[in-house]
1. Which one is nearest to residue 138 (Cα to Cα), of the residues in region 57-79 that are of a type in the set (Phe, Trp, Tyr) and loosely packed, with under 14 Cβ neighbours inside 10 Å?
2. Inside region 95-174, counting only helices (runs of 4 or more DSSP H) that do not spill past its ends, which hold 2 or more residues that are exposed (fewer than 13 other Cβ atoms within 10 Å of the Cβ) and at pLDDT 85 or above?
3. What is the number of the single condition among (1) at pLDDT 50 or above; (2) open to solvent by 30 Å² or more (accessible area, probe 1.4 Å) that residue 9 does not meet?
Amino acid sequence: SYGRQPPSIGCEALPCTYNIFDERVEAFCLVATMARGAQKRVSHANARAVATLQYGFVVANTAFVCGTWLWPPRAWWWTWAMYGVTELVAVGLAWQLLGMARAGDDLAQAGMTAYMFDVVYLTWFVHVGTALVSARLWWTYAVIPAYLLYLAYKNVLPYVWPQAPARQRRTPRR
C-alpha cells in the first residue's frame, strides 16, 4: 500500500485512496470532483449563452435587413448609419462575452457581464423594432445613459457628496 502513487490533482477515479491519509485525500477528491461539476455547469450555461448570442444576431440582423428593404425608411442613410454604429457596439460586446466564455468565466454573473448582455438585447430589440415598427425606436437607446445616470445617482453620488449631518433638535430650555 505504501508503494502506490498519490492521486492526481484531477482525481479522475473515485474513491481516491492513499496511505494513512485516506480520509483527507478522499475529501480532497470529493471537493475537486464537485468543483469540476460546477465548472461543467458553467461551461454548459456559457455554451447556451453563446448559442443565444449567435442565433440572436442572425435573427435580429436578418429582420433588420429584410424589414428595411421591404419598407424603406425616409432617411435611409441615417437608419443604416445608426444600424452600423449600434451593430459595431453589440458585436464588440459579444466578442468580449465570447472571450470571457472561452476563458471559463461565468456569463451568468451579475455586474458588467449582465449589463453587456442588456446592451446586446436592447440592440436586437431596436434593430427589429426599427425595421418592422417605427424609425423612432432608435430613441430607445436613451434608456442606456438614463440608466447609467440612475446608477451614478444611487451608487456614486452618496460617496462624492455625502449628505449633511442631520441637524440636532434643540430642546427648549425651561
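The values are calculated or read from the model by the stated rules, or taken from the named source; none is laboratory data. Please read all numbers here as calculations on a predicted model, not as lab measurements. Don't worry about glycine lacking a Cβ; one is built from the backbone with ideal geometry, like all the others, and counts go over all protein chains shown. Heavy atoms of the whole protein, side chains included, go into the accessibility calculation; ligands, DNA and RNA do not. Shrake-Rupley method; radii C 1.70, N 1.55, O 1.52, S 1.80 Å.
1. Within region 57-79, the match that is nearest to residue 138 (Cα to Cα) is 78.
2. Correct list: 112-132, 143-151.
3. (1)
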